[in-house]
Structures are given as C-alpha cells and as structure tokens.
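Notes follow once the structure below has been shown.
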Amino acid sequence: MAFLFGPVCALAQEETKFPLEKFYVDRKKSMRSLFKNFRFGVGLGYGNTYFSHSLNGFGIYQVPGQSPEIFKGSSPPALRYNNWVNSVGMDSTVINPGATIVSPGAKLGFKGNALNIPLKLTLHYEYKRYRIGGGYSWEFMSIGTLHPTNQAGKISDFQPSGATGFMKKYFGLLGVSFARLDNYLFTADANIGGFKPGANFNSGAISKGLYFNLGVVAEREMSEYLRLFVRPSFDFKSYSINLPENGGSIKHNINAFYLNFGFTYTIPELPRCFNKDCAVQINHAHGNKEYRSRVHPIYKKQNPGYGENNPLIRYKGKNKRKLNPY
C-alpha cells in the first residue's frame, strides 16, 4: 500500500494543479498613476501690507491744505517731488512763503497700510513629508493713507496718487510636513520668487529684487484627492524708487501678512468605473483594467480597500472615542 500511495498522491497533485492564470490577469497601469503625487491648488485670501520708508537726506516742504513734498539739500530748491511711492511726480512752482519747511536729518519718513486680495494658483509634487513646486499669484492692492513717523504736528498725511492696482507674483515652493492630527495635516513651507507691481507703479523708476514668504499650511483631508486648507504667512520684500534729476533713491519696505484659504486636488490614480450600474465602493477590476468606485465622492474620505459610504456603526455616542468602533 505504501508503494501505491506515493505515485497515486503525486498523480493527484499533477491532475489538480490550479491554473491561476485563468482567474487572475495582469492589471494594466494607467498613465494617470504618473500624476498621483502631483497636487494643484487654488486659493483666495486677505493681505495687509505694511508700507514704510525713511527719508534720510531729504527735507519736507508742506503747504497748508496740500500734500507734503520732499526735497534734496538743506533748503527747498525750485524742484521738489510730490509723489515718491509709486510714480514720481515733480513740482517746480514758486516757493510759498507760508509753507512749513522741515530740514533733513529729523528722522523723517512715512508709514501706512495697504489692502491685498490675492488669487493664488500652485502646483507641487509630494514625496513622503516633502513638497516641491511653484505657483503664481495675482492680487489686488490698494494703498491707504501714509502717516509721518516724525513731526506729525507740522507734516500732514500723504495719499499716493494711483493708489489701487494689481500685483503679480511668481515663485518656487518648498515645504515639509511636521505634524498630523487625525484628518488634519500641518506643513511649513516657503515661497521664493519675484514680484511685479501693476500699472499704477512707474516700472521704469523702480528697482526690485526677490521676495520671501514663510507660512504654515493647515489642511483638512476631505478625501485622498481633495484637501481644504488655511495658510497664514508673512512676506518679506522691498523696492527702491529712483528720483529723476539726480534726486537719489528711496527704499520702500512692503512686508505683508496674508491669510489664504482654498483647496488642493490631485488627479485620481484610477479612472472612474465606466459601468453606470456598478455600486462597488472599493477599487475593483473589470477585465484587465482597474477602476475606482462610481459611488465614492471626492469630498468624502474613504479607504479604497473597503466601502465606507454606509457604515453599520458610526462614530457617534459611546463610539466616537474609539479608534475602531466595528
């Protein structure tokens, strides 16, 4: 019997060999998988720009009831400047004997605020905790009244002409995620790039450099595709305006605080199931192609390995503190 048992067992194994290739097929990868780690974002927000500049080497000429003007030298010459913020203006009228004259060296300057409303577009690549990408920002800016930093009793406030316009920014993006709390992800990031003031600025008279923006992004993961975010940040930037007729230049600091909010979205790795009657909630295959669920909304977080649209037990009552209420 032992002699017969061995050959019979071997024969049975050969005859019942399971042809798995008949039941499992190689699932083709979609080109969409190349973009699964890319995210694009759209955001609006509010900004407050802190305008400030020093008038070292300049004096101020103030006619009662008019905007102040600045001049170079110890006494007001025939040529003075009446707009030195965004578009240089010159005045060569006769000196008014009733004007107030403040000589240089009195730590003169002006400061004030500007309102910013930015529309921001970004695209970045995520690898583990790290992000790299770039973006473009187009923002409305309205310069408010500037107030003298010294001699306020003698010098009146100053409102630049052409105070409203649009500013453009283009930048590179670097970030690293440092904390997670349930569905909330926190990332520190930096935007580094250039900026271009609008037509209300005299571009031919302005010299500018790079700007730096540092912020923290708080994201709420609505699903594996969609995130909502809030991003407080701070801008560091400045420009210099060159005065004609050898008037020198004045450096303006325009640092700003921003609060942006919006969403980021990534293209799903799998196409949506083509079958309109398919109610499968998980990632699944038809033939040799894999699809994501038709009933899985992009605004609802769902594990692609099992259905969560209609859980039997919800995170309510005594179950809300449980890691897994099932």
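Name, by its number, the condition in (1) open to solvent by 70 Å² or more (accessible area, probe 1.4 Å); (2) over 27 Å from PRO244 (Cα atoms) that does not hold for THR93.
Here THR93 meets the rest and fails (2).
The rows are residues; the columns are (1) part of a loop (DSSP other than H, G, I, E, B); (2) touching a helix residue (DSSP H, G or I) at 6+ places or on another chain (Cβ under 9 Å); (3) modelled with pLDDT of 90 or more; (4) under 25 Å from ASN246 (Cβ atoms).
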{"residue": "GLY41", "(1), (2), (3), (4)": "no, no, yes, no"}
{"residue": "ASN48", "(1), (2), (3), (4)": "no, no, yes, no"}
{"residue": "GLY65", "(1), (2), (3), (4)": "yes, no, no, no"}
{"residue": "ILE70", "(1), (2), (3), (4)": "no, no, yes, yes"}
{"residue": "PRO77", "(1), (2), (3), (4)": "yes, no, no, yes"}
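Kindly indicate whether ASN213 is surrounded by 14 or more Cβ atoms within 10 Å (Cβ to Cβ), within 24 Å of GLY47 (Cβ to Cβ) and in contact with a strand residue (DSSP E or B) (Cβ under 7 Å, 6 or more places away or on another chain).
So ASN213 passes the test.
Which one of these is in contact with a helix residue (DSSP H, G or I) (Cβ under 7 Å, 6 or more places away or on another chain) and in contact (Cβ under 8 Å) with a residue 60 or more places away in the chain: ILE254, ILE250, ILE241?
Within the list ILE254, ILE250, ILE241, the selection yields ILE241.
Can you go through ALA218, ALA199, ALA179 and tell me which one is small (Gly, Ala, Ser) and surrounded by 15 or more Cβ atoms within 10 Å (Cβ to Cβ)?
ALA218
Look through region 231-280, keep the residues that are acidic (Asp, Glu) and not in a strand (DSSP E or B), and return whichever of them is least open to solvent (accessible area, probe 1.4 Å).
Top of the filtered list is GLU269.
Restricting to region 104-135, and then to whatever is of a type in the set (A, V, I, L, M) and open to solvent by less than 20 Å² (accessible area, probe 1.4 Å), can you tell me which residue is farthest from PHE201 (Cα to Cα)?
LEU108
If a residue must be farther than 30 Å from GLY65 by Cβ and either touching a Phe, Trp or Tyr at 6+ places or on another chain (Cβ under 9 Å) or among the hydroxyl-bearing types (Ser, Thr, Tyr) (or both), how many such residues does region 151-181 contain?
Count: 13.
With respect to ASN82, determine if the residue is open to solvent by 20 Å² or more (accessible area, probe 1.4 Å) and touching a Gly at 6+ places or on another chain (Cβ under 7 Å).
Considered against the rule, which asks whether it is open to solvent by 20 Å² or more (accessible area, probe 1.4 Å) and touching a Gly at 6+ places or on another chain (Cβ under 7 Å), ASN82 comes out as yes.
Can you tell me how many residues within region 254-296 are modelled with pLDDT under 80 and either under 26 Å from the mean Cα position of the chain (by Cα) or β-branched (Val, Ile, Thr) (or both)?
Matching residues across region 254-296 total 2.
Six or more apart or on different chains, Cβ atoms under 6 Å: show the pairs whose first residue is in region 220-234 and in contact (Cβ under 8 Å) with a residue 40 or more places away in the chain and closer than 16 Å to VAL295 by Cα and whose second is open to solvent by less than 20 Å² (accessible area, probe 1.4 Å) and assigned to a loop (DSSP other than H, G, I, E, B).
If the second residue must be open to solvent by less than 20 Å² (accessible area, probe 1.4 Å) and assigned to a loop (DSSP other than H, G, I, E, B), the pairs left are TYR225/THR266; TYR225/PRO268.
Tell me yes or no: at least one residue of region 96-103 is of a type outside the set (Lys, Arg) and crowded, with 16+ Cβ neighbours inside 10 Å.
Yes: one or more hits.
Cβ-Cβ distance below 6 Å, separation of 6 or more or different chains: which pairs start in region 170-196 with a residue that is touching a residue at least 60 places away in the same chain (Cβ under 8 Å) and end on one that is among the polar types (S, T, N, Q)?
Once the first residue is touching a residue at least 60 places away in the same chain (Cβ under 8 Å) and sits in region 170-196, no partner that is among the polar types (S, T, N, Q) comes close enough.
The values are calculated or read from the model by the stated rules, or taken from the named source; none is laboratory data. Predicted model, so just to flag it, every value in this text is computed and none were measured. In this analysis, Cβ positions are derived from the backbone assuming ideal geometry, glycine residues included, and neighbour counts consider all displayed protein chains. Accessible surface is based on the protein model in full, side chains and every heavy atom, while ligands, DNA and RNA are left aside. Shrake-Rupley method; radii C 1.70, N 1.55, O 1.52, S 1.80 Å.
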